[in-house]
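What follows is a short report on a single structure.
Taken together, the values in this text are just the output of simple stated rules run on the coordinates, not laboratory data. If you're wondering where the values come from, they're calculated on a predicted model, not measured in any experiment. Cβ atoms come from the backbone with ideal geometry, glycine included; neighbour counts cover every protein chain shown.
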Amino acid sequence: MPERPSVPRHLLGIEGLSAEQLVPFLDLAESYALLSRSRSAPRDALRGRTVINLFYEDSTRTRTSFELAGKRLGADVINMSVATSSVNKGETLLDTAATLNAMRCDLLVVRHAQSGAPALLSRKVEASVVNAGDGTHEHPTQALLDALTIRRHFGRLEGLTVAICGDVGHSRVARSNIHLLTAFGNRVRLAGPPTLLPGAMAGLGNVELYSDMDRALEGADVVMSLRLQKERMGAGLVPSAREYFHFFGLDRRRLALAKPGALVMHPGPMNRGVEIASDVADSDQSVISEQVEMGVAVRMAVLDRLSRARMPA
Amino acid sequence: MSDIVFENVRLIDPASGRDETGRLVVRQGRIVACEDGSVPEGARVIDGAGAVLCPGLVDMRVALGEPGSEYRESVSSGARAAVAGGITTMAVLPNTSPPIDNPALVHLLRVRGEETGMVSIHPYGALTRGCEGGEMAELGLLQNAGAVAFTDGTRAISDAKQMRNLLSYSRFIDAIVVQHPEEPSLAKGACATAGARAVRMGLPSVPAEAEAIMIARDLRLTAMTGARLHFAHVSTAEGLDLIREAKSRGIRVTCDTAPPYFAMTEDDIGDFRTYAKLSPPLRNEADRKAVCAALADGTIDAVASDHAPADADDKRLPFAQARAGGTGLVTLLGVTLGAGLPLIDALRLVTSAPAALLGLKAGTLAVGSDADLCLFDPEDSWTVVAGNLPGRAQNTPFDGKDLKGRVLRTFKRGVEVFTADELAGDERAGAAS
C-alpha cells in the first residue's frame with residue numbers, strides 16, 4: 001500500500017504539522033502499544049534498517065526508549081553518546097553527520113543541547129532525522145506520547161483543558177505539547193513565574209498565561225508538571241526549591257482544583273518535592289508510568305513511518 | 001595617466017545637492033572643472049548612457065580579518081568586494097588579532113589599503129587595550145598614527161565609570177567614540193531578539209530594550225562630559241527615539257544603521273538560517289519601520305555595511321553557536337537604494353554623510369577632489385547569491401534577494417578598479433577587433 005505523501009521525511013518538530021498529519025502516528029502507536037503488551041510486535045518491520053541514536057546530552061530514558069522501539073521492530077540500533085564518540089575530540093556536528101551518512105544509516109535520532117541542531121543535521125544527511133530534544137526548541141516524540149496517553153484516557157484529543165505548569169520557558173516538552181494540543185483544538189494554559197514563563201510565550205498560539213497556578217488548574221482535564229532544573233536557582237530565576245514548591249508545586253490541594261479525576265502527567269525525570277509532591281506523583285490520577293510505556297510505542301510508530309516514507313515509490 | 005571624460009551621466013553629488021545630467025572630467029586622478037564641452041586630447045571617453053555617476057561610497061563600519069583571520073577576509077579580498085559594491089573608502093574595526101590598539105597596527109592597515117590601489121582604509125583605534133573593556137588604549141598616539149575614531153568594535157563598553165573616563169579623555173583629544181549599543185549582561189549568550197519568534201524557536205534572546213538602556217546611559221555620560229559619541233548599527237525604535245530627542249537638545253551624538261535593520265526582520269531567520277544571525281539581532285517589523293522613519297527624518301546620520309565576514313565553519317553550526325555577522329560590502333548600495341528614500345538622500349547616507357561625520361576627504365564630486373567614483377545603473381537589478389560574491393566571505397544575509405542598482409564601474413583616484421563583467425567582456429571584444 002503506497003504511503004500517503006503527507007508523511008514527513010524527518011520529524012524535527014510538531015510546529016507546522018496538522019492534526020491530520022499527526023493522527024496516523026498516534027493510531028499506529030496505539031496498535032504498537034497493544035502489540036507490545038502481548039509481546040507480538042512485528043519484529044521484521046525495520047529488519048535491515050539501521051537506527052543510530054546520537055545523543056549529545058545525557059538521557060538514559062529517552063535513549064533507552066528509542067533503542068527499545070527500534071529493537072522491537074527488528075532494526076539494528078547503535079547508540080552513540082558524547083562520552084564515547086569523537087565529539088570529544090573536536091569533531092564538528094556536521095563532520096559527525098558526514099561520517100554517519102557514509103555509514104548509510106537509515107534513521108538518525110538526535111538529542112542536542114542547541115536549538116536547531118537536528119534541523120542543521122537534516123540538511124546534510126540522507127537519513128531521516130528524528131529530533132529527540134533540541135535545546136529549548138522541541139521534543140516532538142514526547143508530545144506525541146503525551147497525546148496518546150491523553151487520548152487513551154479520554155477517548156478523544158480535542159476540547160480538553162490542559163494546564164502545563166512550571167519551567168515552561170526553558171521547556172522543549174512544553175513547546176511541542178503546545179503546538180500539538182492547540183493543533184487538535186484543546187485549551188492550553190501555561191503557569192509559572194514570569195522568570196520562567198516569558199510573556200512572549202503568548203505568541204505561541206492559542207494559549208493562556210497564568211502566574212497563579214491555582215487559577216490555571218481550575219477545571220483542568222490534564223495537569224502537566226515540568227521538571228525544574230537546579231540551575232534555575234543558581235541563575236537567579238527562582239529563589240529556592242522550597243519557595244518554588246510553595247507557589248508552583250503540584251500538591252493534593254492544588255490538584256483538587258482541577259476536574260475530578262484529572263490526569264497528572266510529567267515528562268520525567270521528576271524532582272519530588274520541587275515541582276510535584278510525591279503523593280500526587282504516586283496517586284491514581286498519575287499516568288506517569290503509562291507515559292513511559294506509550295513513549296516506546298510512539299517511537300516505534302515514528303521510526304516505522306519515517307522509514308516507510310523513505311522507501312522509493 | 002590619460003584624462004577621463006564621463007559623458008552622458010547623471011551626476012549626483014549629495015554634498016552639494018547637485019543632481020543633473022552632464023559630464024565629468026578626471027585629470028591626474030582628480031576631478032577637474034570642465035570649462036566647455038571639448039574632449040581633452042588623448043582622453044578616454046566613457047559614455048554612461050544615462051547611468052548615475054556619484055562619489056565612491058564611504059563605508060564607516062567594516063570588519064576585516066586582517067591581521068589574524070585572513071581566512072575570513074583579508075584587506076585585498078575585502079577591497080575587491082568593496083569596489084564591486086562601489087565603495088572606495090572604508091573605516092575598519094579594531095577587533096582583529098592582535099587588536100588595533102597600538103600605533104604600528106594603525107599604520108599597517110592604512111598602508112595595506114594603499115597597496116591594494118582600490119580603497120582607502122581608515123582604521124578605528126581600540127578604545128581599551130585588546131578591546132577588552134579595561135585599561136584605556138593609547139588614544140592620542142593611535143590618533144596621531146591615523147586612527148579615525150575609537151571603539152571596541154563589536155563589544156560595548158560595559159562599565160559606566162570607564163565609559164565616562166573614555167568620553168572625557170576622548171574630548172581632550174577631540175576624538176569620536178563609537179559605541180556598540182547593547183547592555184552586555186542582557187545580551188550575554190543571546191542570538192535573537194526577544195519575542196514570539198525567539199520563544200518558538202527556543203533561542204536565547206536579548207530584549208530590544210537592551211539597546212535603549214545602553215543608549216540612555218551613554219547619552220547622559222556624553223552630556224556630562226561634552227564628548228562626541230556615535231552609536232553604531234542602531235536597530236530599535238526606542239533607541240532611535242532617545243537619539244532623536246538628545247539631538248534636539250544639542251547633545252553631540254550621531255548614529256548609523258546597517259542595511260539588514262531596515263530591509264529584514266527576525267522572520268528572515270527562517271529555519272535556523274545562521275547567515276541571518278547578526279549582532280545586534282534582526283528585530284521585529286515595528287523596529288524595522290522605525291529605522292526606515294529615522295533614515296527619512298535624519299535621526300540616522302549614515303548607513304554602514306557592518307560587513308562582518310565569516311567562513312563556512314563559522315556558520316555551519318547550531319544557530320546559537322554560529323558566529324554572528326553578515327557580509328555587506330557588495331550589497332550596501334543596492335539595499336540602501338531600496339530604503340524608499342529619494343535617490344540623492346539615499347546616496348548621501350553612504351557617501352558625504354559618513355565622510356563628514358568622520359572628517360574624511362571623500363564622498364564628494366567637488367572640483368579638486370580625488371576621483372573616487374561609482375558609476376551605477378539604478379534601474380538594473382541583480383540577484384544576491386552566496387557563493388558567488390566578490391571577496392572571500394560569502395555569509396550574506398541577503399542570499400537570494402533581488403537588489404536594484406547595479407555597479408557598472410568603480411574608480412579610485414582616477415584608476416578603474418572595478419568593471420562589471422559584461423562591460424569587461426565588451427571591452428575585451430573591442431580590443432580584439
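What fraction of the DSSP beta bridges in chain B is antiparallel, stated in percent and rounded to the nearest 5? Please report the intermediate quantities before stating the final value.
On the way: 29 of 60 bridges.
Of all bridge pairs located within chain B, approximately 50 percent are antiparallel.
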**Message:** Counting other C-beta atoms within 10 Å, and keeping those with at most 14, which DSSP coil trypsin sites (Lys or Arg not before Pro) do you find in the stretch B:145-251?
**Reply:** B:Lys188, B:Arg249
**Asked** Which ³J(HN,Hα) values, rounded to whole Hz and listed in residue order, are derived for the stretch A:241-254 from phi using the Karplus coefficients 6.51, -1.76 and 1.60 in 6.51 cos²θ - 1.76 cosθ + 1.60 with θ = phi - 60°, glycine and proline given as x?
**Response** 5, 6, 5, 4, 4, 4, 8, 10, x, 8, 10, 4, 4, 5
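Please order B:Leu349, B:Leu24 by the number of other Cβ within 10 Å, starting at the fewest.
Working: B:Leu349 25, B:Leu24 21.
So the residues, fewest neighbours to most, are B:Leu24, B:Leu349.
Can you give the net charge of the other residues whose Cβ lies under 9 Å from the Cβ of B:Leu357, counting K and R as +1 and D and E as -1? Numbers along the way, then the final one.
Numbers: positive: none; negative: B:Asp256, B:Asp301.
That sum, taken over residues with Cβ under 9 Å, equals -2.
If you keep only loop residues by DSSP, which GluC sites (Glu not before Pro) in the stretch B:1-51 have at most 13 other Cβ atoms within 10 Å of their Cβ? All intermediate terms of the calculation are to be shown ahead of the outcome.
Values: sites: B:Glu7, B:Glu20, B:Glu35, B:Glu41; in loops: B:Glu35, B:Glu41.
Sites meeting the loop and neighbour criteria: B:Glu35, B:Glu41.
What is chain B's relative contact order, in percent, from Cα pairs under 8 angstrom and six or more apart in sequence? Working shown, then result.
Working: 1059 pairs, mean separation 83.6, N = 433.
So the answer I get is 19 percent.
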**Asked** Given charges of +1 on the Cβ of Lys and Arg and -1 on the Cβ of Asp and Glu, with all other atoms neutral, how large is the dipole of the stretch B:57-358 about its Cα centre, in debye to the nearest 20?
**Response** 300 debye
**Prompt:** If you count the DSSP beta bridges with both ends in the protein assembly as shown, what percent of them are antiparallel, to the nearest 5?
**Reply:** 30 percent
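Helix by helix, which DSSP H runs in chain B go 15 Å or more along their axis at the Cα atoms and have an average Kyte-Doolittle hydropathy of -1.0 or more? Don't jump to the answer; show the numbers that get you there.
Numbers: long enough: B:103-116 (21 Å, -0.02); B:160-172 (18 Å, -0.67); B:209-225 (24 Å, 0.39); B:237-248 (17 Å, -0.37); B:285-297 (18 Å, 0.05); B:421-432 (17 Å, -0.69).
Helices passing the filter in chain B: B:103-116, B:160-172, B:209-225, B:237-248, B:285-297, B:421-432.
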**Asked** In nm, to one decimal, how far is the modelled label at B:Val415 from the one at B:Val367, with both set 7 Å along Cα→Cβ?
**Response** 2.7 nm
**Distance (nanometres) between label positions extended 7 Å along Cα→Cβ at A:Thr92 and B:Ser16** = 5.1 nm
**Prompt:** Looking at this model, which pairs from B:Lys277/B:Lys401; B:Lys361/B:Lys412; B:Lys188/B:Lys277; B:Lys247/B:Lys277; A:Lys71/A:Lys124 are more than 19 angstrom apart at the alpha-carbon?
**Reply:** B:Lys247/B:Lys277; A:Lys71/A:Lys124
**For the protein assembly as shown, size of Cβ-based charge dipole, Lys and Arg +1, Asp and Glu -1, in debye** = 2000 debye
**Request:** Specify which residue in the list A:Ser278, A:Val129, A:Val264 is farthest towards the positive end of the charge dipole of the protein assembly as shown, using unit charges on the beta carbon of Lys, Arg (+1) and Asp, Glu (-1), about the Cα centre.
**Result:** A:Ser278
**Rounded Å value of the spacing that divides the Cα centres of the stretch B:68-103 and the stretch B:225-241** = 24 Å
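List A:Lys71, B:Lys401 from most exposed to least, where exposure is judged by having the fewest other Cβ atoms within 10 Å.
Ranked by crowding around the Cβ, least crowded first: A:Lys71, B:Lys401.
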